[in-house]
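The values are calculated or read from the model by the stated rules, or taken from the named source; none is laboratory data. Since the model is a prediction, treat every value here as computed from it, not as a measurement. Counting neighbours? That spans all protein chains shown, and the Cβs are built from the backbone with ideal geometry, glycine included.
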Amino acid sequence: MTASPPPSDRSAIAVTLGDPRGIGPEVSFRAATRLVQEDPTVRFIFIGPGELLRGAPPHHATLAVEGWDGTETGAGRASALAIEAAVSRALSGNAGAVVTAPVHKPALHRAGWRFPGQTELLKELTGAAVVGMLMAAETTRLGGPLRVLLATTHVALRDVPAAVTAELLIRQTSLLHRSLKSDWGIAEPRIALCALNPHASDQGLFGDEEERVFTPALAALRALGVDASPPLPADTVFGRALSGAFDAVVAPYHDVGMAAFKTASFGTGVNVTLGLPFIRTSPDHGTAFDLATHPGKADCSSMVEALSLARTLAKARFDRNLAGV
């Protein structure tokens with residue numbers, strides 16, 4: 001371990017390389033090189049197995065972790081240790097943001113880190129009370145931005161109805177409201193609630209969650225000053241958000257949000273974890289093991305967006321803290 005850098009290193013971005021068998025190292029280094037060409041002042045701390053760090057762009061810090069031995073277990077161990085090291089840097093004030101390359105969840109589990117994903121691991125490591133998974137694309141194929149918060153994340157579809165409670169919707173939508181105000185600078189966020197059932201249940205014809213769960217949640221949110229819509233059908237709400245009617249959408253479960261989001265923004269989408277004491281982003285794709293053996297084939301666009309958004313949000317948060325806002 002190197003000595004702690006000075007406080008000014010809070011402007012640095014800690015980048016974990018993800019699963020060493022995947023495209024994470026390649027897209028991280030290529031994206032960082034591209035971003036530095038646009039802004040030579042940006043600085044990175046690349047964290048991963050030492051042998052992979054030899055490919056890092058020059059003039060940036062590196063931090064090696066142990067554990068990578070060529071096996072799936074070793075891949076999971078190295079991935080998790082890199083995340084832990086990045087969190088440690090951010091919590092100590094030696095990085096202003098953490099950007100994580102993709103990991104392989106079965107490898108994490110095999111190595112002993114039994115979390116559904118990186119979001120849940122980050123929550124555990126930071127002790128955050130509430131976190132949210134926001135998929136954000138500031139530009140999309142249709143032009144306008146699209147931001148989708150997944151109220152439930154890695155949950156089997158059969159378990160979703162029981163998981164979508166009024167308390168969950170209140171907690172997640174309130175977190176989104178605060179984050180849009182503080183990190184995106186949107187003074188009065190307009191948030192759409194995506195319904196759970198087809199046609200928002202058509203007044204109870206296709207389920208009762210819209211009346212039983214969403215209605216009390218909406219009343220509580222409005223009492224808190226959150227501008228949230230009644231539950232709107234999934235087949236129209238995302239289009240309305242893309243047209244500018246809403247600043248973000250709360251999706252009740254993973255795939256209804258992700259299908260719309262990736263259709264509109266694949267390659268420009270970024271996963272942002274809300275509720276952490278630092279900014280965390282990641283690209284919207286997986287490890288792509290099949291592309292990792294063909295250098296240069298992987299598209300680094302989403303990692304470019306993840307690094308760029310992390311830099312923007314971290315700077316806004318840092319400037320706001322300096323101003324005492």
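Of the numbered conditions (1) surrounded by fewer than 21 Cβ atoms within 10 Å (Cβ to Cβ); (2) modelled with pLDDT under 95; (3) not acidic (D, E), A12 satisfies every one except a single condition; which is it?
The failed condition is (1).
Quick check on V98: is it out of contact with any strand residue (DSSP E or B) (no Cβ under 6 Å at 6 or more places or on another chain) and either touching a residue at least 12 places away in the same chain (Cβ under 8 Å) or on the phi > 0 side of the Ramachandran plot (or both)?
Working: out of contact with any strand residue (DSSP E or B) (no Cβ under 6 Å at 6 or more places or on another chain): no; either touching a residue at least 12 places away in the same chain (Cβ under 8 Å) or on the phi > 0 side of the Ramachandran plot (or both): yes.
So V98 fails the test.
Is one or more of the residues making up the range 291-304 acidic (D, E) and part of a helix (DSSP H, G or I)?
Pass one, the range 291-304, residues acidic (D, E): 299.
Next cut, part of a helix (DSSP H, G or I) only: none.
Within the range 291-304 (the criterion being acidic (D, E) and part of a helix (DSSP H, G or I)), the answer is no, since none of the residues qualifies.
This table checks each residue for (1) buried (at least 21 other Cβ atoms within 10 Å of the Cβ); (2) assigned by TED's automatic domain parsing to the domain that holds S282; (3) under 21 Å from the mean Cα position of the chain (by Cα); (4) closer than 28 Å to K123 by Cβ.
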residue	(1), (2), (3), (4)
F44	yes, yes, yes, yes
L63	no, yes, no, yes
W68	yes, yes, no, yes
G74	no, yes, no, yes
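With the condition being buried (at least 17 other Cβ atoms within 10 Å of the Cβ) and not assigned by TED's automatic domain parsing to the domain that holds M303, I'd like the helices (runs of 4 or more DSSP H) fully within the range 90-190 carrying at least 3 qualifying residues.
Working: elements: 105-110, 118-126, 160-163, 166-182.
Ranges flagged: 166-182.
Go through (1) within 17 Å of G96 (Cβ to Cβ); (2) in a helix (DSSP H, G or I) for L63 and report which single condition fails.
Status for L63: all satisfied but (2).
What are the pairs, 6+ residues apart or on separate chains, where a residue within the range 188-212 that is in contact (Cβ under 8 Å) with a residue 60 or more places away in the chain has its Cβ under 7 Å from a residue that is assigned to a strand (DSSP E or B) and hydrophobic (A, V, I, L, M, F, W, C)?
If the second residue must be assigned to a strand (DSSP E or B) and hydrophobic (A, V, I, L, M, F, W, C), the pairs left are C194/L232; C194/V249; C194/V250; C194/A251.
How do the pairs read when you match residues in the range 148-169 that are farther than 30 Å from T268 by Cα with residues anywhere that are among the acidic types (D, E), using Cβ under 9 Å and keeping only pairs 6 or more apart or on different chains?
These pairs meet every condition: P161/E209.
Kindly provide the set of residues from the range 102-159 that are more than 19 Å from L176 (Cβ to Cβ) and hydrophobic (A, V, I, L, M, F, W, C), ordered by number.
V103, A107, L108, A111, W113, F115, L121, L125, L142, A156, L157, listed by residue number.
Any idea how many residues of the range 262-308 are surrounded by 22 or more Cβ atoms within 10 Å (Cβ to Cβ), out of contact with any helix residue (DSSP H, G or I) (no Cβ under 8 Å at 6 or more places or on another chain) and not small (G, A, S)?
Number of matching residues: 1.
In the set T62, T33, T73, which member is under 18 Å from E305 (Cβ atoms), at pLDDT 95 or above and either in contact with a helix residue (DSSP H, G or I) (Cβ under 7 Å, 6 or more places away or on another chain) or among the polar types (S, T, N, Q) (or both)?
On the way: T62 fails: under 18 Å from E305 (Cβ atoms); T73 fails: under 18 Å from E305 (Cβ atoms).
Exactly one residue qualifies, and that residue is T33.
Among the residues of the range 142-166, write down those that are more than 14 Å from G244 (Cα to Cα) and in contact with a helix residue (DSSP H, G or I) (Cβ under 7 Å, 6 or more places away or on another chain).
Of the residues in the range 142-166, the ones more than 14 Å from G244 (Cα to Cα) are 149-166.
Answer for the range 142-166, where residues must be more than 14 Å from G244 (Cα to Cα) and in contact with a helix residue (DSSP H, G or I) (Cβ under 7 Å, 6 or more places away or on another chain): L149, L150, A151, T152, T153, H154, V155, P161, V164, T165, A166.
Here are A200, A195: which of them is on the phi < 0 side of the Ramachandran plot and surrounded by 15 or more Cβ atoms within 10 Å (Cβ to Cβ)? Outline the logic, then answer.
Details: A200 fails: on the phi < 0 side of the Ramachandran plot.
Exactly one of A200, A195 is on the phi < 0 side of the Ramachandran plot and surrounded by 15 or more Cβ atoms within 10 Å (Cβ to Cβ), namely A195.
Does E84 qualify as being among the acidic types (D, E) and closer than 23 Å to P25 by Cβ? Don't jump to the end; show me each part of the working.
Working: among the acidic types (D, E): yes; closer than 23 Å to P25 by Cβ: yes.
In short, yes.
Of L232, L221, which residue is under 15 Å from L180 (Cβ atoms), more than 23 Å from the chain's Cα centre (by Cα) and among the aliphatic types (A, V, I, L, M)? Before you say what the answer is, go through the steps one by one.
Numbers: L232 fails: under 15 Å from L180 (Cβ atoms).
Criteria check complete, one pass: L221.
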